[in-house]
Structures are given as C-alpha cells and as structure tokens.
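Novice: Here's a structure for you.
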Amino acid sequence: MTEQNSTPVTLTKNPDGPTKTKLKLQERLAAVENPAEPRQRIQIWSLKREKKKKKKRKKKGEMHSFGYRFNALLTFAVTILALMCAIASLSDNLNIPSPSAEIQIVNINWFQKHRQGNDEVSLTMNISADLQSLFTWNTKQVFVFVAAEYETTKNSLNQISLWDAIIQAREDARFWIHTSNKYRFVDQGIYLRGKEFNLTLHWHVMRKTGKMSADKIVMSGYRFPEEYR
Amino acid sequence: MDWQGQKLAEQLMQIMLLVSGVVACATSYILGSFQMMVLIYAGGVVLTTLITVPNWPFFNRHALKWLDPSEAEKHPKPQQSVSSKKKPAKK
C-alpha cells in the first residue's frame, strides 16, 4: 500500500509538470526500467490470487472428491446391510423348532347360562410350555395365546381366546403358569353343556428381520360338565 | 488423490465393507446376538470411512506428470471440424 501512495507524491513534485498522456508515457517507461513499479506489482499480486482461485476450483470440482467417496461408501454399506438382513432372515430356516406344551384344566369355577341365552364358563388352568427352541438370534418376540376351539351346530369353528402373553426373551420361553381365563369364555348360544373341546396353544414369532411366522399345538380331549353350576 | 489412489480407495472400501459384513454375520450367528451384528458392522463402516474417505497421503504416491506448456505448443491439437462432415469411424 505504501508504494501505491508513492505515485501521487511524484506528481506533486513538479506542479507545472507533464500532461496526462505524458504522465502515462513516463509511467510506462518507469515500469520498463524498474520492475518493482507498483502497477506491475499489483498485476503480479492479482495473478497469484487467480492461481489460488484456480487451485480451489480444481479441488472442488475433482471427480473423486470427499463427497463422492463418502456417497459411494454409504451406498455400498447400506446395500451390504440389506444383504446381511436377508441372510439373517434366511438363517432362520436352519432352525427347526421343537416346542412342547401342556394344559391342564384344574377347575371349572362356574358354568352358567346368561339371561340373553349364551353360555359362559370360567376355568382355572395350568399352562406349561417350552418354546425356547423358537428363539434364534433373529427373534424379537413371540406372542402366545391359548384358544378354546370347538364345533357347534351354529358355527363350524368357534375359537375363543382364553389367555395370552408376549415373550421377549429366550429365558422366559419356558414357563409354567396357574391362571383362570384372562378373557371371558362366552359361547354364541347354549351349546356348551357336555361339549368336547380342544385347547390350542398358538404362537406368532416376530423376527428382527424377515417374515412373521405362526404355528400351534392342539390339545384335545377336554369336556364341559353336563350341568350348569 | 491420484488415479491409482482412487482405484485403491474404491477397492479398499468394497473389500473392507464386505469383510466387516461377513465377520459381523458370522460372529453374531455363532454368538446368537443380532445386536452384535449391527454393532460390529457399524464399527466396520466407521473404520472404512476413516480410511477411505479422507485424502490420506498414501493415496497420492503416483502423481500425474503433465507435459510442459512449451512442449505442448510444439504439438498443437489437430483440427477436425474443417475436414469432414461425416463422423470419423469409432471402433
């Protein structure tokens, strides 16, 4: 900056001095003689700046830049993650479960006919089951429920859920429970007296990745009492 | 990053991700833990990111040598547009 200021100083040195064109000529001559003349310096400086700018532009526009590589990496990573999930869900086919279950009816608490004309029964059951073999590394949780299933003249299949639970860990999958029916056992009609019925343990396996699957164990040979009590 | 560096980075990225995926799958299947798989794979992805995304010096070992401008002027670019209307046959 100090050198730039020096030009007007030379102007003031000879006040009756040269006209504009003459001054330009002088300046040019001076520039040729003395390369450190301010104008040239400015030119050199601006050239350097342009070069820097070019460098920056080159970095930004580089094909294999930071963002490009990061994008490629993310895309590939997600693809492989999807593949891994597919493998995980396929690996469940290698597991052949062997669940077991047993339900005892300890007591028929009461057995009545509603005023509207529907039978309702209350039971106490012992449910014991071992569903540990359903659990693999890809199992999130297992939903189990006990349903009473029987046939009447009105409906070819009656299915009434009596009890259910959600099992979230392999350790809890082997259980024994003494319970009365959690949900009301009401028939559509008055067909329950002396009726034979099945108790079925259903389960739905929910996986971390993959399709939900369901299966059941049917236990037969249960019978309602002949009379209301 | 030079040409060979780009190739190296891409190959490194693919191989490292594949290996970490396989390792994650295998170990967690043996240990029976899905969470383990996700954690191992996440670790692999972060490691791969740190190795292949920044412009490390070992990606810049084969710098391209450009011709000097004076050398380039001796062999000027051939002018095509004047000679032919038809496109030159490409192989």
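Novice: List every residue pair whose Cβ atoms sit under 8 Å apart, with the two residues 6 or more apart in sequence or on different chains, where the first one lies in segment B:43-71 and is touching a residue at least 60 places away in the same chain (Cβ under 8 Å) and the second, anywhere, is open to solvent by less than 80 Å² (accessible area, probe 1.4 Å) and outside any helix (DSSP H, G or I).
Specialist: B:His62/B:Asp2; B:Ala63/B:Asp2; B:Leu64/B:Asp2
Novice: Looking at (1) polar (S, T, N, Q); (2) touching a residue at least 12 places away in the same chain (Cβ under 8 Å); (3) closer than 17 Å to A:Lys195 by Cβ, find the lone condition where A:Ser133 falls short.
Specialist: (3)
Let's see how each residue does on (1) assigned to a strand (DSSP E or B); (2) under 40 Å from the mean Cα position of the chain (by Cα):
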{"site": "A:Trp110", "(1), (2)": "yes, no"}
{"site": "A:Val121", "(1), (2)": "yes, no"}
{"site": "A:Ile127", "(1), (2)": "yes, yes"}
{"site": "A:Ala148", "(1), (2)": "yes, yes"}
{"site": "A:Thr152", "(1), (2)": "no, no"}
{"site": "A:Ile160", "(1), (2)": "yes, yes"}
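Novice: Can I ask one more? Would you say B:Phe34 is of a type in the set (Phe, Trp, Tyr) and closer than 29 Å to A:Thr139 by Cα?
Specialist: yes
Novice: Here's another thing I want to ask about it. Hey, any hits in segment A:173-190 for a residue that's within 14 Å of another protein chain (Cβ to nearest Cβ), of a type outside the set (A, V, I, L, M, F, W, C) and in contact with a helix residue (DSSP H, G or I) (Cβ under 9 Å, 6 or more places away or on another chain)? It would help to see each step written out before you state the result.
Specialist: Within segment A:173-190, the first condition is being within 14 Å of another protein chain (Cβ to nearest Cβ), and the residues that meet it are A:173.
Then drop every residue that is not of a type outside the set (A, V, I, L, M, F, W, C), which leaves none.
Within segment A:173-190, none of the residues are within 14 Å of another protein chain (Cβ to nearest Cβ), of a type outside the set (A, V, I, L, M, F, W, C) and in contact with a helix residue (DSSP H, G or I) (Cβ under 9 Å, 6 or more places away or on another chain).
Novice: Looking for whichever is of a type in the set (S, T, N, Q) and either part of a loop (DSSP other than H, G, I, E, B) or farther than 30 Å from B:Asn55 by Cα (or both) here; the options are A:Asn93, A:Asn71. Which one fits?
Specialist: On the way: A:Asn71 fails: either part of a loop (DSSP other than H, G, I, E, B) or farther than 30 Å from B:Asn55 by Cα (or both).
Within the list A:Asn93, A:Asn71, the selection yields A:Asn93.
Novice: Applying the selection to segment A:178-203, what residues are under 35 Å from the mean Cα position of the chain (by Cα) and open to solvent by 50 Å² or more (accessible area, probe 1.4 Å)? So that I can check it myself, show each step before the final result.
Specialist: Of all residues in segment A:178-203, those under 35 Å from the mean Cα position of the chain (by Cα) come to A:182-183, A:200-203.
Result: A:Lys182, A:Tyr183.
Novice: Here's something else I'd like to know. Quick check on segment B:38-50. Is at least one of its residues open to solvent by 50 Å² or more (accessible area, probe 1.4 Å), within 9 Å of chain A (Cβ to nearest Cβ) and closer than 17 Å to A:Thr209 by Cα?
Specialist: Taking every residue of segment B:38-50 in turn, at least one turns out to be open to solvent by 50 Å² or more (accessible area, probe 1.4 Å), within 9 Å of chain A (Cβ to nearest Cβ) and closer than 17 Å to A:Thr209 by Cα.
Novice: Also: Scan segment B:4-37 for residues that are within 7 Å of chain A (Cβ to nearest Cβ), under 18 Å from A:Asp92 (Cα atoms) and open to solvent by 40 Å² or more (accessible area, probe 1.4 Å) and jot them down.
Specialist: Result: B:Tyr29, B:Gly32.
Novice: In segment A:75-86, which residues are facing chain B (nearest Cβ under 9 Å) and open to solvent by 80 Å² or more (accessible area, probe 1.4 Å)?
Specialist: Passing the criteria: only A:Leu83.
Novice: If we keep just the residues of segment A:204-215 that are basic (Lys, Arg) and farther than 18 Å from A:Val144 by Cβ, which is surrounded by the most Cβ atoms within 10 Å (Cβ to Cβ)? Spell out the reasoning first.
Specialist: At the first step, the residues of segment A:204-215 found to be basic (Lys, Arg) are A:207-208, A:211.
Checking the rest, the ones that are also farther than 18 Å from A:Val144 by Cβ come to A:208, A:211.
Values: A:Lys208: 18, A:Lys211: 9.
The selected residue is A:Lys208.
Novice: On to the next question. Here are A:Ile166, A:Ile160: which of them is open to solvent by 10 Å² or more (accessible area, probe 1.4 Å) and modelled with pLDDT of 95 or more?
Specialist: Exactly one of A:Ile166, A:Ile160 is open to solvent by 10 Å² or more (accessible area, probe 1.4 Å) and modelled with pLDDT of 95 or more, namely A:Ile166.
The values are calculated or read from the model by the stated rules, or taken from the named source; none is laboratory data. Being a predicted model, the structure only gives us computed values, none of them experimental. Methodologically, a virtual Cβ is constructed for each residue, glycine included, from the backbone with ideal geometry; neighbour enumeration extends over all protein chains shown. Accessible surface is based on the protein model in full, side chains and every heavy atom, while ligands, DNA and RNA are left aside. Shrake-Rupley method; radii C 1.70, N 1.55, O 1.52, S 1.80 Å.
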